[in-house]
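J.: Attaching a single structure in structure tokens format; questions to follow.
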Amino acid sequence: MRLSRYFLPILRETPKEAEIVSHRLMLRAGMIRQEAAGIYAFLPLGLRVLNKVCRIVREEQDRSGAIELLMPTIQSADLWRESGRYEAYGKEMLRIKDRHEREMLFGPTNEEMITEIFRAYIRSYKDLPLNLYHLQWKFRDEVRPRFGLMRGREFLMKDAYSFDLDFAGAKHAYNRMFVAYLRTFARMGLQSIPMVAESGPIGGNLSHEFIVLADTGESEVFCHRDYLGFEVPPADVDFDSIPGLQAIVDKWTALYAATSEKHDAAAFAKLPPDRQISARGIEVGQVFYFGTKYSEPMRAVVTGPDGAERAVHMGSYGIGPTRLVAALIEVFHDEAGIKWPETVAPFAVVVLNLKQGAADTDAASEQLYAALSAKGVDTLYHDLDERPGSKFATADLIGIPWQILVGPRGLAEGKVEVKRRSDGSRELMTPQDALARIGG
RNA sequence: CGGGGCAUAGCGUAGCCUGGUAGCGCGUCUGCUUUGGGAGCAGAAGGUCGCAGGUUCAAAUCCUGCUGCCCCGACCA
């Protein structure tokens, strides 16, 4: 992509409403635009990141055996009356009426709707297990939206819903998502730690929040330091192996880890002092088993092997991609700007023509841009007539992992400079070597 | 929902107390020079001072109401 033909509204100064670093940098990097309190438009650069995050989420959901569908944003109030939540939900639910005065709502979540879909088609235990997910915009009319995308009112959410015949099946479904989540966040370069969360009405301890540690995190968390070194399950993990998955989940839940709400200071104090981590954290996902809370009142039942009907056991599993984009910036940034991990970066590399209009730098930059594009590398070509310093600042701000500096100084020796954004390291090499380094 | 604050050009702001032709920096446009860490000079454009009332000869400035947004707390993915 040529910057001269792209839409990248960089802000040199920080809008005053932005307090936290992810909000500031997203506004400055031209990723988002606020349209109302807690409601944002995704500009091209922001959308690229969001799409990359969503792709990883999808790939890992699919790998774990979940199946994607897409439910609407607008739902009927009648559906929510069946579960009793229409009255229970409160003012966070955005309630609207259509032209026929029918009561509708902008969905804050989809348990009722997915249960309705399930019960319409599934009759037998032989059709289980089933896990359906979608990525869809949600709306929760927060009293006080804040921190940019971190707590918006409208946000994108991946929500999965599992259906099983009994608790044992539901537990395996839970474990599938648990492992998928560990992999999902790890692929974005994030070290996530599952922490015990508020248990469902059924009891047990089948709810975990996945927390990413960040200095600027929203809440205080406590955990065992050994989690930081844990190996994330590999891509070929067998999601059908019940004992295999259980072993992974057991390992990842054996040590102490809790958010401030569930913190047990006495238990934490028993850890060796050098193993205690008290830090700030950001919740990026939650997994939850809730049994028959919806299947019972909404009559989502299947016939079991014994011929008897029973309500299915369900769980729901959320990841907030829009929030993840913000969390990634909270974790990966410095004074100059964002430092995207390669898997979610909006572009893989940016070519900086340090002397736009000069025959040699123009030619070398064009060649590099063409060659990288031909190799399928997402490349941004900074071809505006700006001073080098300005181009450096822009490149650092938007956080593209690799920068190729094409300037007269290097070209005099037939070289370009390859800079890595993550650690600032730079190396002179021929354009051919740069191509090999970045294009693989 | 309690408490606090802000609203002046695309962004950041001064002016408001003490009423009298709205200013600065960045950005934008034109020209020339410049080109390895946000260039220099010269010129130009861009404002119903959030909205609605009121006081006054006169309101960005004083008064009233409203709206929007931000921060702290409670709440929440």
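J.: Is it fair to say A:Val416 is of a type outside the set (Phe, Trp, Tyr), modelled with pLDDT of 95 or more, touching a Pro at 6+ places or on another chain (Cβ under 6 Å) and more than 30 Å from A:Ser22 (Cβ to Cβ)?
T.: Judged against the criteria, A:Val416 is a match.
J.: Can you find, within region A:321-354, the residue that is farthest from A:Gly148 (Cα to Cα) among those that are in contact with a Gly (Cβ under 6 Å, 6 or more places away or on another chain) and part of a loop (DSSP other than H, G, I, E, B)?
T.: The residue in question is A:Leu354.
J.: Would you check if there is a residue in region A:414-429 being under 19 Å from A:Gly189 (Cβ atoms) and of a type in the set (Ser, Thr, Tyr)?
T.: Among the residues of region A:414-429, at least one is under 19 Å from A:Gly189 (Cβ atoms) and of a type in the set (Ser, Thr, Tyr), which makes the answer yes.
J.: Can you find a residue that is more than 26 Å from A:Leu182 (Cβ to Cβ) and among the aliphatic types (A, V, I, L, M) anywhere in region A:269-286? Even if it seems obvious, please write down each step before you answer.
T.: So the first thing to find is which residues in region A:269-286 are more than 26 Å from A:Leu182 (Cβ to Cβ), and the list is A:269, A:273.
Still in the running and among the aliphatic types (A, V, I, L, M): A:269.
Within region A:269-286 (the criterion being more than 26 Å from A:Leu182 (Cβ to Cβ) and among the aliphatic types (A, V, I, L, M)), the answer is yes, since at least one residue qualifies.
J.: Next question, about the same structure. Looking at A:Tyr181, is it touching a strand residue (DSSP E or B) at 6+ places or on another chain (Cβ under 8 Å), among the hydroxyl-bearing types (Ser, Thr, Tyr) and within 16 Å of RNA strand B (Cβ to nearest atom)?
T.: The answer is yes for A:Tyr181.
J.: Continuing with the same structure: Please work out which residue is farthest from RNA strand B (Cβ to nearest atom), limiting yourself to region A:53-89 and to residues that are farther than 24 Å from A:Ile319 by Cβ and either within 19 Å of the chain's Cα centre (by Cα) or outside any strand (DSSP E or B) (or both).
T.: Selected residue: A:Asp78.
J.: Give the residue, chosen from A:Lys419, A:Lys415, A:Lys391, that is among the charged types (D, E, K, R), in contact with a His (Cβ under 8 Å, 6 or more places away or on another chain) and near RNA strand B (Cβ under 10 Å from one of its atoms).
T.: Just a single option satisfies the conditions, and that option is A:Lys391.
J.: Considering only residues that are within 7 Å of RNA strand B (Cβ to nearest atom) and surrounded by 17 or more Cβ atoms within 10 Å (Cβ to Cβ), which ones fall in region A:122-150?
T.: Correct list: A:Arg140, A:Pro145, A:Phe147.
J.: Next question, about the same structure. Six or more apart or on different chains, Cβ atoms under 6 Å: show the pairs whose first residue is in region A:417-435 and without any contact (Cβ under 8 Å) to a residue 60 or more places away in the chain and whose second is among the acidic types (Asp, Glu) and within 12 Å of RNA strand B (Cβ to nearest atom).
T.: Pairs found: A:Val418/A:Glu427; A:Arg426/A:Glu417; A:Leu428/A:Glu417.
J.: Follow-up. At pLDDT 95 or above, of a type in the set (Asp, Glu) and touching a Lys or Arg at 6+ places or on another chain (Cβ under 8 Å) - does that describe any residue in region A:336-346?
T.: No.
J.: Would you call A:Arg58 without any contact (Cβ under 8 Å) to a residue 40 or more places away in the chain and surrounded by fewer than 19 Cβ atoms within 10 Å (Cβ to Cβ)?
T.: On the way: without any contact (Cβ under 8 Å) to a residue 40 or more places away in the chain: no; surrounded by fewer than 19 Cβ atoms within 10 Å (Cβ to Cβ): yes.
So A:Arg58 fails the test.
J.: Just one of (1) touching a strand residue (DSSP E or B) at 6+ places or on another chain (Cβ under 6 Å); (2) touching a residue at least 60 places away in the same chain (Cβ under 8 Å); (3) surrounded by fewer than 24 Cβ atoms within 10 Å (Cβ to Cβ) trips up A:Ile329, so point out which.
T.: (3)
J.: Hey, another quick one. Considering only strands (runs of 3 or more DSSP E) fully contained in region A:202-271, which possess at least 2 residues that are touching a Pro at 6+ places or on another chain (Cβ under 6 Å)?
T.: Counting at least 2 such residues, we get A:207-213.
J.: Residue under question is A:Gly357, and the condition is that it be part of a strand (DSSP E or B) and within 9 Å of RNA strand B (Cβ to nearest atom); does it hold? Walk me through how you get there before you give the answer.
T.: Values: part of a strand (DSSP E or B): no; within 9 Å of RNA strand B (Cβ to nearest atom): yes.
No; evaluated as a whole, the condition is false for this residue.
J.: Further question: Within the set of pairs 6 or more residues apart or between chains, which connect a residue that is within 11 Å of RNA strand B (Cβ to nearest atom) inside region A:151-164 to a residue that is assigned to a strand (DSSP E or B) and among the polar types (S, T, N, Q) with Cβ atoms less than 7 Å apart?
T.: The qualifying pairs are A:Met157/A:Gln136; A:Asp159/A:Ser316.
J.: Next up: Under the condition of being assigned to a helix (DSSP H, G or I) and within 14 Å of A:Thr322 (Cβ to Cβ), which residue from region A:2-50 is farthest from RNA strand B (Cβ to nearest atom)?
T.: Of all residues in region A:2-50, those assigned to a helix (DSSP H, G or I) come to A:3-5, A:21-28, A:44-50.
Subset that is within 14 Å of A:Thr322 (Cβ to Cβ): A:22-23, A:26, A:46-50.
Details: A:Ser22: 11, A:His23: 7, A:Met26: 13, A:Gly46: 15, A:Leu47: 17, A:Arg48: 19, A:Val49: 16, A:Leu50: 13 Å.
It comes out as A:Arg48.
J.: Still on this structure, I have one more. Does A:Ile96 qualify as being at pLDDT below 95 and surrounded by fewer than 16 Cβ atoms within 10 Å (Cβ to Cβ)? Let's see the steps before the verdict.
T.: Numbers: at pLDDT below 95: yes; surrounded by fewer than 16 Cβ atoms within 10 Å (Cβ to Cβ): yes.
Against the criterion (at pLDDT below 95 and surrounded by fewer than 16 Cβ atoms within 10 Å (Cβ to Cβ)), A:Ile96 qualifies.
J.: Can I ask one more? Identify, from the list A:Thr361, A:Thr303, A:Thr394, the residue that is at pLDDT 95 or above, surrounded by 23 or more Cβ atoms within 10 Å (Cβ to Cβ) and of a type in the set (Ser, Thr, Tyr).
T.: Criteria check complete, one pass: A:Thr394.
The values are calculated or read from the model by the stated rules, or taken from the named source; none is laboratory data. In this text the structure is predicted, and so the values were computed from the model without any measurement. Here Cβ is always computed from backbone atoms with ideal geometry, including for glycine, and neighbour counts include all displayed protein chains.
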